[in-house]
1. Charges only on Cβ, +1 for Lys and Arg, -1 for Asp and Glu: so what's the dipole of the stretch B:190-270 about the Cα centre, in debye to the nearest 20?
2. Can you give the accessible area of A:ASP143, probe radius 1.4 Å, in Å² rounded to 10?
3. How compact is the stretch A:25-177 by the rule of thumb for globular proteins, expressed as Cα Rg over 2.2 N^0.38 Å?
4. Along the stretch A:258-269, what does the Karplus equation 6.51 cos²θ - 1.76 cosθ + 1.60 (θ = phi - 60°) give for ³J(HN,Hα), rounded to whole Hz, x for Gly and Pro?
5. Pop a pseudo-label 7 angstrom from the Cα along the beta-carbon direction at both A:LEU13 and A:THR144 and give the gap in nm to one decimal.
6. With each pseudo-label sitting 7 Å past Cα toward Cβ, what's the A:LEU244-B:GLN41 distance in nm, one decimal?
7. Enumerate the amide H contacts of A:VAL150 below 5 Å, restricted to partners 5 or more residues apart or on another chain; note that Pro and chain-start residues carry no placed amide H.
8. So how much accessible area does B:ARG10 have, in Å² to the nearest 10, using a 1.4 Å probe?
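The values are calculated or read from the model by the stated rules, or taken from the named source; none is laboratory data. Because the structure is predicted, anything quoted here is derived from the model rather than measured. Neighbour counts are summed over all protein chains in view; Cβ atoms, including those assigned to glycine, are modelled from backbone coordinates with ideal geometry. These accessible areas exclude ligands, DNA and RNA; they are computed on the full protein's heavy atoms, side chains included. Shrake-Rupley method; radii C 1.70, N 1.55, O 1.52, S 1.80 Å.
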Amino acid sequence: MSSIFVNSKDVFLDIVNAKDYVQLDRVSSIYQSLKDSIKKPLKMILLYGKPGTGKSMFLNKIHTDLSPTQSIYLYKTPILDESEFYKVLAQDIFATRYNGELNFTQFMKIVEKKEFKETPVVLLDEAQLYSEVLMEKIRLLSDTRTVKFVITLHKTEKEDIIAKEHFQTRIWETIELENASSSELKIYIQKKLMKANCFDSANMFTNKSVNRIHNITNGNYRDTNKLLYTLFDLYALYEKSSRLSNIRTDHVPNKLIEMAAIHTGLINA
Amino acid sequence: MLNLHELEQRWIRYKIKSYLPYIAIILSISIILLSIFIFLQESTATVNKNTILEKLTIPEVKAIVSVTPKKPLVKKKTVVPATSNKELTKISKRERSLHNSTNKLTLSPSLGFMKKMQTDQQPYYKTENSNESNDIQVEVPVVTVTHKDIQNLQHQELKVVKKITITHKNTHNDIAEIISRFKKNNNPALSLFVAKKYYELGDYRQAYNYALITNQINRDIDVSWIIFTKSLVKLGKKEKAMKILKQYINQSHSNQAQILLDEIISGKFK
């Protein structure tokens, strides 16, 4: 029989699943605006933010929600080979199987032949990994208005992606995702646990413990998941070694949060 | 795999490390506060000392001025002719030594220079009259006698008395030179030297004055305070001297001052 700690630990496994999407006020409004933007006649939509702010989850969620009613294609991992990229798009969107090398000119011919009642939406995750040349081709493709692109990018300090030439002139909608605030993080954690019926674990997160978690993770969802996974792993270990009486279970003590942070490398000890 | 024991150890190290800056800040603040406290205490002590010194010295200067006899200390030299049949040439007579000088020869310095000093308000700022220093060369003396002695001299056939010439020129020239140097640089070591010299010469009033000047310049010279209070005792102000010594001992914890005080109290030092 698995303990509540083991169950709680599994809640925070780092996997992107639309079912695990947690509705938060701010996130919901952003999600709604993204949905609205897709309906608009835009060429490109840029979704950007620091790693772990939920961009991939957003794309997954939107793909899950819109796929029953709309032609929408999600590419979670970048297709770095140019020919492969065109071939995948030709097959998925235009139902054209192509053997051998497919260059941009040939692909554009396929695109021009096909007409859609509703513009298909292509969701490209981790678009910062695409080459400059391929990004330029994607821009040209979006100019035909045959395909609409929603791309996600990491916002890095070194390069301001918004300033990139091919985004400056063509992107009509940019949406930035940010880290959670302390109160949002509390809701996120508790909602996630309650979804998995871990009510006792959810009640262990007081404002004080969530503030400590927020201090360590800066509200980053990925880091929070990582930290809480280790935290419940620690609880499970204490339970297994019959030392649970040594630690508090009515609320999460800072000691355990910090131990989890040390183990995950969020605290440099 | 998680290792609870190792993780707990790392957590303890992390906690210690995280408290270190606070400990360092608290220690720094404590040291700063302690330094400020010590500095303030020292300043307060200095202020108190200054106040005591002001109380002690200022009225004393006036007192001394008032004590200063109207007649100059250096009295006229009276040449007492020896009896005709004897070759007694000159006898210098000093009023202050009359009471105790029967057959005793008392050597006393030429105090012409000091006469000048006494008349000046601030003797150490005035220049020395070179003629005075020439006058210091005293030819004499020689003998200090009472009136009775003088009479006796005529009756008893006093033999002799060779003509003794004692030259104080060097000592007084030294003092004059040191005073002039002192006027230039106001060095307490020089004024202390002058005080000592005057004390040695028995001019306690000038010794007192220069010791006082030295104390005003530097309040921490033991010797100066000792000359100062010794001079006071010699000037007949024993109580005052004891009071000053006690206050000085309270401030400085000077052993020398304590010894002197004990000697004054016991009557060893008169």
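1. Values: 13 positive and 7 negative charges, 57 e Å.
For this selection, approximately 280 debye.
2. A:ASP143 exposes around 50 Å² with every protein chain in place.
3. Numbers: Rg = 14.9 Å, N = 153, 2.2 N^0.38 = 14.9 Å.
My calculation over the Cα atoms of the stretch A:25-177 gives 1.00.
4. Running phi through 6.51 cos²θ - 1.76 cosθ + 1.60 with θ = phi - 60° gives 5, 4, 5, 5, 5, 5, 7, x, 6, 10, 8, 9 Hz.
5. For the pair A:LEU13/A:THR144, the computed spacing is 4.1 nm.
6. My value for the distance between the label points is 5.9 nm.
7. So A:VAL150 has HN proximity to A:ILE45, A:VAL122, A:LEU123, A:LEU124.
8. Here the residue's solvent-accessible area equals roughly 60 Å².
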